[in-house]
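This structure is in structure tokens; I'll ask about it shortly.
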Amino acid sequence: MMAMKLQPELADLLRQAYSGEKAAAFAYIGHARSLRDPEVRRAVKQIEEDEWNHRREVLALMQEYGVPVSRWYECKYHIIGRIISTACHVIGWFMPLYFAGRLESGNVCEYIVMKDYFNALGITKHDAILYEMAVKEREHEDFFQLQVKDSRLLPFFEKLFGWGGRQGFNTLDASKKDPDLAKVDAKSSGCRR
């Protein structure tokens, strides 16, 4: 049986997510090593493992629909992840935590938008896993937001980069584990990109 052809935007979003999860995992490896607090280090290591899990889940979707891995994205995000991993050792504690939270906020929407694209094709069988990944990314965002909330740098970075204590790229409530998935979409999740 031939795999269903996905919209080019969805196929590209899957490719970017797959490679982006590797970049994030690499970044969290360096990030965890740069941290002194063992509790925070353990939490960042768990987030790294979550990113590897998401990468496996996205690859399964890509394989199901015959979407090839992008060599370009793999190379690009591999380099980005390694650079960030190394930079975490020299740029202090705030920026790695801040930008990790900002990135995770956007990742929430990435998985909700994927769900919207699949739903537009009449495909709902992936709703639960895509929502689960979005919730996990929101949990990551909340963790990083908590880490930087008392920094005097936060208001400046929030104004400059559009994410922080009072604003994010989504309004997804990570505590709602079993919502009506038919009603979860980018608009209802407050996704802005």
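The values are calculated or read from the model by the stated rules, or taken from the named source; none is laboratory data. What you see is a predicted model; the values in this text were computed from it and never measured. Here the Cβ is made from the backbone with ideal geometry for all residues, glycine too, and neighbour counts use every protein chain on show.
Tell me which residues, restricted to segment 8-67, are in a loop (DSSP other than H, G, I, E, B), in contact with a Lys or Arg (Cβ under 9 Å, 6 or more places away or on another chain) and on the phi < 0 side of the Ramachandran plot.
The answer is LEU35, TYR65, VAL67.
If you check LYS125, LYS115, LYS136, which single one turns out to be surrounded by fewer than 15 Cβ atoms within 10 Å (Cβ to Cβ), modelled with pLDDT of 95 or more and closer than 23 Å to LEU10 by Cα?
LYS125
Please go through segment 31-45 and give me each residue that is surrounded by 13 or more Cβ atoms within 10 Å (Cβ to Cβ) and not β-branched (Val, Ile, Thr), ordered by number.
HIS31, ALA32, ARG33, SER34, LEU35, ARG41, ALA43, LYS45 - these are the residues of segment 31-45 that are surrounded by 13 or more Cβ atoms within 10 Å (Cβ to Cβ) and not β-branched (Val, Ile, Thr).
Quick check, is LEU61 touching a residue at least 12 places away in the same chain (Cβ under 8 Å) and either more than 26 Å from ASP142 (Cα to Cα) or surrounded by 21 or more Cβ atoms within 10 Å (Cβ to Cβ) (or both)?
Yes; evaluated as a whole, the condition is true for this residue.
For segment 153-189, give me each residue that is among the aliphatic types (A, V, I, L, M), part of a loop (DSSP other than H, G, I, E, B), under 30 Å from GLY92 (Cβ atoms) and modelled with pLDDT of 85 or more.
Result: LEU153, LEU172.
Would you confirm, using the coordinates I've provided, whether TRP72 is farther than 19 Å from TYR131 by Cα, assigned to a helix (DSSP H, G or I), free of Cβ contacts under 8 Å to residues at least 40 places away in the same chain and among the aromatic types (Phe, Trp, Tyr)?
yes
Another one. Could you pull out the residue among LEU130, LEU103 that is in contact with a helix residue (DSSP H, G or I) (Cβ under 8 Å, 6 or more places away or on another chain) and at pLDDT 95 or above?
Among LEU130, LEU103, only LEU130 is in contact with a helix residue (DSSP H, G or I) (Cβ under 8 Å, 6 or more places away or on another chain) and at pLDDT 95 or above.
Another one. What single numbered condition from (1) in a loop (DSSP other than H, G, I, E, B); (2) touching a helix residue (DSSP H, G or I) at 6+ places or on another chain (Cβ under 6 Å); (3) polar (S, T, N, Q) fails to hold for GLN147?
Among (1) in a loop (DSSP other than H, G, I, E, B); (2) touching a helix residue (DSSP H, G or I) at 6+ places or on another chain (Cβ under 6 Å); (3) polar (S, T, N, Q), GLN147 violates only (1).
Quick one: would you say ASN107 is of a type in the set (S, T, N, Q) and in a helix (DSSP H, G or I)?
yes
Could you please find all residues in segment 103-152 being of a type in the set (S, T, N, Q) and under 14 Å from ASN170 (Cβ atoms)?
Hits for segment 103-152 are SER105, ASN107, GLN145.
From ILE84, ILE79, which residue is under 23 Å from GLU139 (Cα atoms), of a type in the set (A, V, I, L, M, F, W, C) and assigned to a helix (DSSP H, G or I)?
Criteria check complete, one pass: ILE84.
List pairs: first residue in segment 138-160 and of a type in the set (Gly, Ala, Ser), second residue surrounded by 12 or more Cβ atoms within 10 Å (Cβ to Cβ) and part of a loop (DSSP other than H, G, I, E, B) anywhere in the structure, Cβ distance under 9 angstrom, at least six positions apart or on different chains.
Hits for this filter: SER151/TRP93.
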